[in-house]
1. For B:T256, B:T190, which order do you get if you count the other beta carbons within 10 Å of each Cβ and list the fewest first?
2. Among B:L113, B:L236, B:Q366, flag the residue with its Cα farthest along the positive direction of the charge dipole of the protein assembly as shown, charges on Cβ as +1 for Lys/Arg and -1 for Asp/Glu.
3. Alpha carbon centre of segment B:278-302 versus segment A:30-105: separation in Å?
4. So for the pair A:L4, A:L81, with labels modelled 7 Å out along Cα→Cβ, what separation do we get in nm?
5. What longest range of chain A stays clear of loop-exposed trypsin sites (Lys or Arg not before Pro) (DSSP non-H/G/I/E/B, at most 13 other C-beta within 10 angstrom)?
6. In sequence order, what are the phi-derived ³J(HN,Hα) couplings for segment A:220-234 according to the Karplus relation 6.51 cos²θ - 1.76 cosθ + 1.60 with θ = phi - 60°, rounded to whole Hz, with x for glycine and proline?
7. With each label point set 7 Å from Cα along the Cα-Cβ vector, what nm distance links A:D173 and B:R166?
8. Under 23 Å Cα-Cα from B:K100, which lysines qualify once same-chain neighbours fewer than 8 residues away are excluded?
Amino acid sequence: MTILLTLLLLGLTVGSMYALFAVSFGLIYNVTHIFHFAHGAVISAGGYLVYVLVQLLGWPVWLGIAAAIPFAALLGAAIELFFYRPLRRRNAPHVAFFLTSVGILTVAEGLFGVIFGPGVLSLKFLPLAAIHIGDVSVTTANLSMLSAWVFIALVVVFLLATRSGRFMRAVADTPEVAKSTGIDLEGTYIWSFLLGSALTVPAMLMYAWYQGLTPAAGLSTILISSAAVIIGGRTGVLAGAIAALGLGILQAVAIVFLPSGWQDAVVFSVLFFVIALRPNGVFGLAFRW
Amino acid sequence: MRLSVIPLIAAFALVAGNVHPLPLQAQTGPKTFTFGAMFPLSGPAAEIGEEFKRGLDMAIDDVNSKGGIDGWQLKSVVVDHKGTALGGAQAMNQLVNLDKVPFVLTTFTGVALTAQPIAAQNSVLLMNVGGTSNNLLGKPWLYNDQVMGDPLNQPLAQYSYDNRARTAALLTSEDAYGKDDGIAFTTAFTKLGGKIVASETFPLTTTDFTAQLTKIRASNPDVLYIVAVGDTQGLLVKQARALDVKANIVGPLPTTGLITVGGRAAEGFVGSGIAVDPTTKDPAAKAFLAAFKAKYNTVPEWDAGTPYEAVHFLASLIHETVRSGGDPRSGAALLKALEAHPVFQNYLSGGQVHLLSDHGSVRALQLQQVKDGKYVTIKVVQPPK
């Protein structure tokens, strides 16, 4: 019983982190309809920048994070401006966007490997320790993951209460109608890249706190967050977040019933069944932003 | 006119190919002996790949700076196998079919097992300097400069049992290395009277061991036996301690990544591997250890030492082949030389390493413990006479 409780709690925390990754990916995917695999490159870049500023250069942690957030946001926006926008203006097919995105991620992974080495970098300024809640043990990193919901709540407020947020929702729903009402589509795309990319920094720190930084970290996080967005459905960021939370719990608890090596397979089995049975996502229209 | 040149060139190439079947490198400039090396240069085991490469490069520099071996300058083609069996098959096929090398250094159990049939089919001599599985023994064209599964894991089981461990949990990588070494430890530990209370595995690329460690913690073992490579060792011990796994942690072939990534969590870890003796009086071993320390400011571990030894062994095989009038670019000729002289210098602790009839090797191994962020040798196990 203690094992199950521990795994549930761990799944809840890891699922919360996945939820933040899913929201950051979903903000861009839902609005622009680009399967933005290069988001993985932005995720890693933000993490490595914090590592350089805080661990190597000795900046205070808060300052390192404060610098990395606008950096990640601008990097995401730069990808839209210099890669996707030219493709859109030439009416390139979806596959061209996808291949460009994969290409950016691949080049970035190689660059990170050359600059920082292919191994694992530990974030020593984030101490990893056990925290006991009765018989259940979790880590400091796990507890930090619960803060993901604060960021997600802020995103929801932004989407509901600000002009740019309302534009993003409108473009995500029906871009043609949004355009006909005078909404600047390309400006809205930039907003979605800025916001989605900025969110990667806190999410990546939660990830690297526990698992360290590696050049491939961006890919592994983008796989799970994109799967969550598809499973949840493209109707809103909350659908992806709830799906990601479910995947985190399922992945953790699955080890009780399945061999350890099946953890990743569980996520993609769920994805397969959802695509086959509910191609518009498990939540349908239940979570419209 | 332009079109008619093409068949002419093709015909010339064909004739040239028939007249000179040897690689182009043999006909122009100084003689270069090209051989292959398959190391993990990306992925979670990349840190250990860098160590392999240090040993390889130092040995090549040694040989070439002394004028080469019988007029041959050594050159390596290093291919990344990413730590996976599939990567090993791709790397071996490249080395055999594109680079056409007669000799290949291999690392990692799964990689060596995948590469061996390709080596045998193409008469390429394969020297394993990393993989430890018992299943690597007795394979044609594959020889091992490494302590294998049984002798590597028995001292770990004995050490654990002597330190009052009666129950053990296993956490091993999902590859041939993890599986076979796990079996070797289990056999040795249960033979002593110990009991395995949990056995979990993880995919090679994973960096999150939470679920496995949670199950292991619940089984409350006296000792946790892990099989992982490179930085993964460090991540594993770090997460184990953070999840309050209190058992002593042991495992084969500890590397630098255990300490650099694991930090304080690595304290107390006990690992087994090839013995390194910084106080050796053997002149050749002393010279290597001193040169390595001068270059990298650290004593080499086994992962830099075995490629170094293997390249020097290759140089001696080239010498023997040339001396007997053979062509060293033939894998069969190198194999013949190896069978005639299956002995090479032990550069890590002095003396010689003898290759056995099962293609394994006999050499001393050591148990090391992490103390204050450094490896400290706690026991040296000499091979049976």
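Just so it is clear, none of the values below were taken in a lab; they were calculated from the coordinates. This one's a predicted model, so the numbers in the text were calculated from it and none came from an experiment. As a convention, Cβ positions derive from the backbone with ideal geometry for all residues, glycine included, and neighbour counts pool all protein chains shown.
1. Values: B:T256 20, B:T190 13.
The order, fewest Cβ neighbours first, is B:T190, B:T256.
2. It is B:L236.
3. Their Cα centres are 45 Å away from one another.
4. 5.4
5. Here the longest run is A:125-289.
6. Using θ = phi - 60°, the values come out as 5, 6, 6, 4, 6, 6, 5, 4, 5, 5, 5, 5, x, x, 8 Hz.
7. The two pseudo-label positions are separated by 6.9 nm.
8. B:K31, B:K53, B:K75, B:K82, B:K139, B:K336
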